[in-house]
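*Asks:* Can you keep this structure in mind? I'll have questions shortly.
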């Protein structure tokens with residue numbers, strides 16, 4: 001009996017200790033439950049953070065992909081740039097060589113320019129002297145032209161006087177005399193004869209004759225006639241045109257010398273470009 005009481009007493013003590021431990025366990029469980037709740041709350045927050053991080057990671061990977069694409073394009077552009085730079089460097093080398101050649105040519109040109117400047121200066125001096133000589137020459141030529149003009153005027157007056165004084169009727173004799181006079185004073189006289197096969201002058205094939213005088217490179221036609229009618233002037237002009245076409249020479253002056261001509265012939269002659277020397281008189285037209 002005493003042992004049972006002792007056993008019961010020990011069991012009561014053990015029960016008390018067990019209840020104490022259970023109480024402590026319950027308290028620990030409560031704390032664990034609270035901690036679990038806090039843990040779950042933290043886990044929830046972590047999961048939310050992880051989700052946001054995952055989204056950010058996805059966006060980052062997308063941006064990285066785009067950056068990689070951009071980098072690839074930049075690498076290609078860099079390669080093309082390097083290729084262009086290489087070509088530019090080669091071009092620069094060629095330009096440098098060309099520049100060197102250009103500078104060499106410029107140096108030669110500068111040397112030539114200096115030489116030309118000296119020659120030009122010398123030429124300017126020469127030209128100045130020539131200008132002075134030319135001025136003197138022109139002055140002398142002016143005086144000579146005036147003398148020749150006066151001489152020509154005297155010759156024409158003398159020819160008119162000769163024709164009127166001697167009353168020449170033979171054009172051949174008058175023409176030969178005229179030739180001698182002109183050649184004596186330095187004129188070149190030519191008796192030009194050509195066959196007009198097309199009849200341009202007389203409307204039928206025939207020889208065309210003209211007295212041609214050359215002076216200082218100018219061509220003069222001198223027509224000597226014992227008399228001149230109005231009908232004769234168009235024929236004379238056709239003879240001049242035929243001469244110009246056949247020879248290629250330009251006739252600078254047309255001179256008509258006659259002792260007599262019909263009234264109105266002088267005005268008609270001037271319209272056609274002829275200079276007429278003679279006296280107007282009523283005469284019968286030449287047949």
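*Asks:* With within 30 Å of residue 141 (Cβ to Cβ), touching a residue at least 12 places away in the same chain (Cβ under 8 Å) and part of a strand (DSSP E or B) as the only criterion, which of 275, 209 stands out?
*Replies:* Checking each option against the conditions leaves just 275.
*Asks:* Next question. Of the residues 149, 164, only one is in a helix (DSSP H, G or I), in contact with a strand residue (DSSP E or B) (Cβ under 6 Å, 6 or more places away or on another chain), closer than 30 Å to residue 223 by Cα and modelled with pLDDT under 80; which?
*Replies:* Only one candidate qualifies: 164.
*Asks:* Here's something else I'd like to know. When you check residue 222 against the structure, is it closer than 23 Å to residue 271 by Cα and at pLDDT 85 or above, yes or no?
*Replies:* yes
*Asks:* Report yes if residue 115 is part of a helix (DSSP H, G or I), modelled with pLDDT under 90, out of contact with any helix residue (DSSP H, G or I) (no Cβ under 8 Å at 6 or more places or on another chain) and surrounded by 10 or more Cβ atoms within 10 Å (Cβ to Cβ), otherwise no.
*Replies:* yes
Residue by residue, here is whether (1) over 24 Å from residue 187 (Cβ atoms); (2) touching a helix residue (DSSP H, G or I) at 6+ places or on another chain (Cβ under 7 Å); (3) surrounded by fewer than 19 Cβ atoms within 10 Å (Cβ to Cβ) holds:
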residue	(1), (2), (3)
201	yes, yes, no
205	yes, no, yes
209	no, no, yes
214	no, no, yes
226	no, yes, yes
231	yes, no, yes
249	no, no, yes
257	no, yes, no
262	yes, no, no
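*Asks:* With the checklist (1) modelled with pLDDT under 70; (2) in a helix (DSSP H, G or I); (3) exposed (fewer than 13 other Cβ atoms within 10 Å of the Cβ) in hand, flag the one item residue 178 doesn't pass.
*Replies:* So residue 178 meets the others, but not (3).
*Asks:* Okay, moving on. Restricting the search to the range 242-261, which residues are farther than 19 Å from residue 225 by Cα and either out of contact with any strand residue (DSSP E or B) (no Cβ under 8 Å at 6 or more places or on another chain) or not in a strand (DSSP E or B) (or both)?
*Replies:* 242, 244, 245, 246, 247, 248, 249, 250
The values are calculated or read from the model by the stated rules, or taken from the named source; none is laboratory data. Computed from a predicted model, the values in this text were never measured in an experiment. With ideal geometry, Cβ positions are generated from the backbone for all residues, glycine too; neighbour counts draw on all protein chains shown.
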